[in-house]
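The values are calculated or read from the model by the stated rules, or taken from the named source; none is laboratory data. Computed from a prediction, not measured in an experiment: that's the story for all the values here. All Cβ positions, glycine included, derive from the backbone under ideal geometry; neighbour counts span all protein chains shown. We work out accessible area using only protein heavy atoms, side chains counted, and drop any ligands, DNA or RNA first. Shrake-Rupley method; radii C 1.70, N 1.55, O 1.52, S 1.80 Å.
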Amino acid sequence: MLRYPVPDDECVQKGQQVFFTIDRESDRHSAGDILDAEGHRLWRYRRSDNPTPISTRNPFGKPDFVVADASEKDVCLIRRESFLPSRFSIIESDQPRGTLSLCSILRSRYRICIHDVGTWTFRLTLFTVFFWGDADGVPSVWVRVEPSKMEWSVLLKPGVSATSLVFALAFIHNEWWNYS
């Protein structure tokens, strides 16, 4: 049985904290914000306005997940690459930046690989509000669901500074909210 690894004091004091909030007003709660520790919006995410063609890799025509900066310029796109197994590409500035893979039928484990940065296994343990991710067995990402399922508080270990990882976690939060 996996136990939730608690971040140490250094992580709590020096780590980067971000918040994900799903917009209650958006259509089917498919948009949201990524906020810094002071509550300022860093990025906004949504589903793409352009329909995605139905294909064997995307049989239900699931739209792309788009992250935009404060000036509403799209900075990241997460697109389905295969249906079985579920795999997504993380694309920034029209360049592949990494992949995100669903590793469990219960949607409780994801693998996030950011090129030239690292690979994380992110676990959404069933029946709890505490989640974590590790790189090579060392916990480096912690999530607490609060005060509702629509809001995640995320803590990144000091030295973990991949914005693509934050975008992938926002995608997982949105998937978890909409499909679990």
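In the range 118-142, the residues that are over 13 Å from VAL154 (Cα atoms) and touching a residue at least 60 places away in the same chain (Cβ under 8 Å) reach residues that are in a strand (DSSP E or B) and of a type in the set (Ser, Thr, Tyr) with C-beta atoms within less than 7 angstrom, at least six apart or across chains, in these pairs: ASP134/THR121; ASP134/SER140.
Give the range 129-161 a look and list any residue that's assigned to a loop (DSSP other than H, G, I, E, B) and either among the basic types (Lys, Arg) or surrounded by fewer than 19 Cβ atoms within 10 Å (Cβ to Cβ) (or both), or say none. Spell out how you get there, then give the answer.
To start, the set of residues in the range 129-161 that are assigned to a loop (DSSP other than H, G, I, E, B) comprises 129, 136-137, 146-150, 157-161.
Across the range 129-161, the qualifying residues are VAL129, ASP136, GLY137, GLU146, PRO147, SER148, LYS149, MET150, LYS157, PRO158, GLY159, SER161.
Only one residue in ARG97, ARG80, ARG111 is among the charged types (D, E, K, R), more than 25 Å from ASP33 (Cβ to Cβ) and not in a helix (DSSP H, G or I), so which one is that?
Answer to the selection: ARG111.
Remark: ARG109 falls outside the filter, which requires a residue to be under 23 Å from VAL138 (Cα atoms), touching a residue at least 60 places away in the same chain (Cβ under 8 Å), open to solvent by less than 100 Å² (accessible area, probe 1.4 Å) and of a type in the set (D, E, K, R).
Can you say whether SER104 is of a type in the set (S, T, N, Q), more than 22 Å from LYS157 (Cα to Cα), open to solvent by less than 30 Å² (accessible area, probe 1.4 Å) and assigned to a strand (DSSP E or B), as far as the supplied structure shows?
Considered against the rule, which asks whether it is of a type in the set (S, T, N, Q), more than 22 Å from LYS157 (Cα to Cα), open to solvent by less than 30 Å² (accessible area, probe 1.4 Å) and assigned to a strand (DSSP E or B), SER104 comes out as no.
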